[in-house]
Amino acid sequence: MSSRTGTPGSSADSRPREQGAANPALAAIQARIVGKQYEEALADLKVILRDDPHNTDALYMSAVCHRYRREFDASLAQLARLKAISPENGRAHQEEGHAYRDMGRPEHALRAYAQACRFNPALVASWRGQLNILARSGRVQEAAQARAQLNYLKRLPQPLVIALDLMSQGKLLKAEDLCRKFLRKAPHHVEAMRLLADIGIRFGVLADAEFLLESAHQFEPTNVRVHMDYIQALRKRQKFGKALEQARLLLETSPGNPQFQSIYAIECMQTGDYEEALGLFDRVLEKIPGDPVTLTSKGHALKTHGQYDEAVASYRAALASQPRHGEAWYSLSNLKVYSFSDRELERMHAQAGHDDLSHADRVHLNFALGKAYEDREDFETSFGFYEQGNRSKKAASRYDADKMTEELRAQQRVCVAGMLSRGAEAGHSAGDPIFVVGLPRAGSTLLEQILSSHSKVDGTLELPNVLSLAQQLRRRGRNGPEPDYPDILAELSDEELRQFGRQYIDDTRIHRQSAPFFVDKMPNNFRHIGLIHLMLPNAKIIDARRRPMACGFSGYKQLFAEGQQFTYDLADLGQYYRDYVELMDHWDAVLPGKVLCVQYEEVVSDLETQVRRILDHCGLEFEPGCLSFYRTDRAVRTPSSEQVRQPIFESGLDYWRNYEPWLDPLKSALGEDVRRRFSS
């Protein structure tokens, strides 16, 4: 697993990072810097950067040397290069803060330190830098918050400080190992449990995270940070009823606390109580008028509930309060049917021109600008902004396309016909679930809306249960004598598989109403059809498929809330689509008839025929209501929420051709065979 740069646990002002020690040349340079031989160190760094311009360690060390020589412009230039490569590198932002501090520009330093702590909360020097500036400026409340974080880090045992730093660098396995070792010595240490749970959530091992946080909350019921994390874990496990109860208990400890009110409002949204959620957001706004985060959250609630005009008004109010709030700009564009005015376009450009705009705000603005110019049919400019947004997301990602190819091919190696044939007897007999799988932006939300318009089918959400189970099995292999996932599938007993299936049915019951069938629309479950078949052999599976160029570009111009990191690069998208098709071909070969492939273009051109195919595959009688799916009143929480509330139009099928001049990397990665196969 790749990682960003940084010295674990170091709170030194700008000490070169330990990663350099692994490279003899960088280790020697580090020694020169410690010995204040800055000129010699810069000469050596120049050689390294000539051969490897993206070497983040060398860029960081170069910036440090220039700052010590008071060559601030040169230092900031190196840091700008470093942040372009690794935008969430906490130490790069910290070093920028040091440079601005030494230049006598405290406000710039303060912003840089705040960014550093946002990306890496273990950076003591950045918290101290903020505290000094805030205290001198008389900003008492903000200074108190920085001092509280400093005191927290001072109280935290050193192994956990190092673990927190490693987590911020993305070195989750090392951080996990440290936390586990510490907990073996101090099994009831609440903060160690909280950090280990955070790692579990990032890995997708949600059940373990929930258990850790539930235990930590029992040990320290008044620990607010633990309580909030516990609510988040319950929400991620989609245990919305339990999360709502915990949010209510948290709010009861301080009924007027606007943060607690917001948390409770979010949980009300998850349980479908939008009236209560919106009322709570309004109460928060009475205390914090114009708060852009609350106004944006309120907009999300209104959008999900189908109140389009009210959602637009809430997003606009957020921007009136804080024009830099990129999430609100993007949320407007993500309504899909919203068009920006000329004045709004000017305002977005004005915000994007600020050098100190946060990474997240810049990404959101780039995608929003891409959509604005798309609506104006200025496709070249539009693509430029989509490209900038994706490049920034890619820089902060650790996605490895070749590693994903290996993972998907491992499914083909393990899940052969003979091994899967035991599923009919081994798994749980329930036939309730209808899994809709595929790639994002391929029509899965449309198929879910069609199915949930049937009287015998409940629509739910993108349920994480299968992905979480796969992660648990993967960790069993890593932490014990059993083989890794997916190889472990061949070792599972019939009883284990039955238990997995039974647990899935039990855990997903909270999302259902009273219909005998329900839809689990998690596109990435296509990776785990072998596991699904083994534990739920009677489940129905539908593959939502779209032609490769249309699907690929649609994913590229969509900013996903989390996951789907393969969408940040056109070549990665093409490789992923090719791997997906290869794996689906494998499932068809080893489980003939198990998966129904539904081509999006055919749904658009002949809706009734495809609806009848889908219902027949699921063993359901045809109902005319499935043809008028856009009239079905239900909360839709995906980017397609407004689109599936309208009839189908054919105008968007070949929309990608407007961007064809810039899509060569996608074409090349897909390969001619795949493009030809799905060209008609």
* Asked: How do the pairs read when you match residues in the stretch 383-396 that are at pLDDT 95 or above with residues anywhere that are of a type in the set (A, V, I, L, M) and open to solvent by less than 30 Å² (accessible area, probe 1.4 Å), using Cβ under 7 Å and keeping only pairs 6 or more apart or on different chains?
  -> F385/L369; G389/V363; G389/L559
* To do: Go through (1) open to solvent by less than 40 Å² (accessible area, probe 1.4 Å); (2) over 24 Å from the mean Cα position of the chain (by Cα); (3) not charged (D, E, K, R) and name the single condition A550 misses.
  => (2)
* Structure fact -> Apart from one, (1) modelled with pLDDT of 95 or more; (2) more than 20 Å from N257 (Cα to Cα) all hold for T304; the odd one out is (1)
* Asked: Any idea how many residues of the stretch 449-465 are more than 24 Å from the chain's Cα centre (by Cα), part of a loop (DSSP other than H, G, I, E, B) and of a type in the set (G, A, S)?
  -> 2
* Structure fact -> In the stretch 644-671, residues that are under 15 Å from R546 (Cβ atoms), part of a helix (DSSP H, G or I) and at pLDDT 80 or above total 5
* Asked: Which residue out of D361, D375 is open to solvent by 20 Å² or more (accessible area, probe 1.4 Å) and in contact with a Gly (Cβ under 7 Å, 6 or more places away or on another chain)?
  -> D361
* Somewhere in the stretch 91-104, is a residue under 27 Å from S392 (Cα atoms), open to solvent by 40 Å² or more (accessible area, probe 1.4 Å) and in a helix (DSSP H, G or I)? -> yes
* Of the residues in the stretch 563-613, how many are at pLDDT below 95 and assigned to a loop (DSSP other than H, G, I, E, B)? -> 3
* To do: Output the number of the condition that E380 fails; it satisfies all remaining conditions of (1) within 30 Å of R118 (Cα to Cα); (2) outside any loop (DSSP other than H, G, I, E, B).
  => (1)
* **Enumeration of residues in the stretch 406-447 that are β-branched (V, I, T) and either assigned to a loop (DSSP other than H, G, I, E, B) or touching a strand residue (DSSP E or B) at 6+ places or on another chain (Cβ under 8 Å) (or both)** => V416, I434, V436, V437
* Would you mind telling me which numbered condition in (1) within 23 Å of the chain's Cα centre (by Cα); (2) more than 21 Å from A197 (Cα to Cα); (3) modelled with pLDDT of 90 or more; (4) open to solvent by less than 50 Å² (accessible area, probe 1.4 Å) Q261 fails? => (1)
* **Any chance E142 is of a type in the set (D, E) and modelled with pLDDT of 95 or more** => no
* To do: Output yes when any residue across the stretch 286-294 is in a helix (DSSP H, G or I), buried (at least 23 other Cβ atoms within 10 Å of the Cβ) and modelled with pLDDT of 95 or more, and no when none is.
  => yes
* Give, as residue ranges, the helices (runs of 4 or more DSSP H) completely inside the stretch 22-83 that count at least 1 residues that are open to solvent by 20 Å² or more (accessible area, probe 1.4 Å) and under 18 Å from E96 (Cβ atoms). => 56-68
* Asked: Looking at (1) over 21 Å from A470 (Cα atoms); (2) not in a helix (DSSP H, G or I); (3) not small (G, A, S), can you tell me which one I542 breaks?
  -> (1)
* Residue tally, condition among the aliphatic types (A, V, I, L, M) and farther than 26 Å from R509 by Cβ, over the stretch 229-266 -> 1
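The values are calculated or read from the model by the stated rules, or taken from the named source; none is laboratory data. All values reported here derive from a predicted model rather than from experimental measurement. Ideal geometry is used to build each Cβ from the backbone, glycine not excepted, and the neighbour counts take in all protein chains shown. Surface accessibility is based on the protein's heavy atoms, side chains included, excluding ligands, DNA and RNA. Shrake-Rupley method; radii C 1.70, N 1.55, O 1.52, S 1.80 Å.
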